[in-house]
Amino acid sequence: MTTPFEKVELRTERLLLRPARPGDEPDLFAMFSDPAVMRYWSSTAWTGIEQAHEYIARDSKVLAAGESLCLGIERMEDSRLIGTCTLFRISEQCRRAEVGYALGSGAWGRGYMHEALLALLEYGFSELGLNRIEADIDPRNEGSARSVERLGFKKEGHLRERWIVNGEVSDSAMYGLLRSEWPPRK
């Protein structure tokens, strides 16, 4: 399973999921500096464009090493990067990974993340041979919880006071999706 991911591209009807690249910095910064996007994130909002440069450099390294599959979500109609989705903490032995994602607030409510995650999860189960994919969500983020539940994830636990970001303590809702439960039933 440990294989370089830097050439992975996934296409959907409206989206191209591809590694972030130089030139994406303004879109990445707009997204990760937005307090609405970062409200339930496990880190603080970005404060400078250099963080976008560091993000692209870091993702390039983990993609090349096959450690994480980090993809930007490009809207094909205008070639804008509107979000990110990642399979990380990939365990070859356990055939397990975690999923993470973010979507710019200007793209909310249009089904983009559902479309992107369908493609990412399919790749994880079919191409990577994963048996289980997990999601860690702030329980206050009802939209994110609905998104993973719509994809077939089951809530499996609640971890109290797991994160502290900017002095704010928050819990984690833990979700899991098994290969045997995929694809989601409509």
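Along region 76-87, what does the Karplus equation 6.51 cos²θ - 1.76 cosθ + 1.60 (θ = phi - 60°) give for ³J(HN,Hα), rounded to whole Hz, x for Gly and Pro?
With the stated coefficients, region 76-87 comes to 5, 5, 9, 6, 8, 7, 10, x, 9, 8, 9, 9 Hz.
Roughly how many nanometres apart are two label points built 7 Å out from the Cα toward the Cβ at ARG21 and GLN51?
Result: 2.5 nm between the two label points.
How many angstrom separate the Cα center of region 1-75 from the Cα center of region 96-114?
So the separation of the two Cα centres works out to 12 Å.
Which listed residue (TYR55, ALA97, LEU71) has the Cα farthest towards the positive end of the charge dipole for region 10-181, taking +1 on Lys and Arg C-beta and -1 on Asp and Glu C-beta about the Cα centre?
The Cα lying farthest towards the positive end belongs to ALA97.
How long are the three semi-axes of the equivalent ellipsoid of the chain, in whole Å, if each is the root of 5 times an eigenvalue of the C-alpha gyration tensor, listed from largest down? Please report the intermediate quantities before stating the final value.
Details: eigenvalues 101, 88, 57 Å².
For the chain, the ellipsoid semi-axes come out as 22, 21, 17 Å.
Once phi is turned into ³J(HN,Hα) by the Karplus curve 6.51 cos²θ - 1.76 cosθ + 1.60 with θ = phi - 60°, what whole-Hz value does each residue of region 140-150 show in order, with x for glycine and proline?
Calculated HN-Hα couplings, in order: 6, 8, 5, x, 5, 4, 4, 4, 6, 5, 4 Hz.
Could you give the size of the charge dipole of the chain about its Cα centre, using +1 on the Cβ of each K and R and -1 on the Cβ of each D and E, expressed in debye and rounded to the nearest 20? Let's see the in-between values first.
Details: 25 positive and 29 negative charges, 126 e Å.
Charge dipole, the chain, about its Cα centre: 600 debye, nearest 20.
How much length, in nm to one decimal, is gained on full extension between SER43 and ARG89, taken as 0.36 nm per residue of separation minus their Cα-Cα distance? Please list the in-between numbers first.
Working: separation 46, 0.36 × 46 = 16.56 nm, distance 1.73 nm.
In short, 14.8 nm is gained.
Multiply the residue separation of GLU77 and HIS158 by 0.36 nm, subtract the distance between their alpha-carbon atoms, and state the gained length in nm to one decimal.
Numbers: separation 81, 0.36 × 81 = 29.16 nm, distance 3.91 nm.
Extra length from GLU77 to HIS158 when fully extended: 25.3 nm.
Give the calculated FRET efficiency between GLU67 and ASN131 to the nearest 0.05, with a Förster radius of 22 Å applied to their Cβ-Cβ distance.
Working: r = 19 Å, r/R0 = 0.85.
Between GLU67 and ASN131 the formula returns 0.70.
In sequence order, what are the phi-derived ³J(HN,Hα) couplings for region 17-27 according to the Karplus relation 6.51 cos²θ - 1.76 cosθ + 1.60 with θ = phi - 60°, rounded to whole Hz, with x for glycine and proline?
9, 8, x, 5, 9, x, x, 7, 3, x, 5
Among LEU130, SER43, TRP182, whose Cα sits farthest toward the positive end of the charge dipole of the chain (+1 at Cβ of Lys/Arg, -1 at Cβ of Asp/Glu, about the Cα centre)?
Result: TRP182, furthest along the dipole toward the positive end.
For ASN131, what residues show an amide H to amide H distance below 5 Å, using hydrogens built from the backbone and excluding near sequence neighbours?
Correct list: ARG96.
Every number here is computed from the coordinates shown, using simple stated rules; none is lab data. Since the model is a prediction, treat every value here as computed from it, not as a measurement. Backbone-built Cβ (ideal geometry, glycine too); neighbour counts: all protein chains shown.
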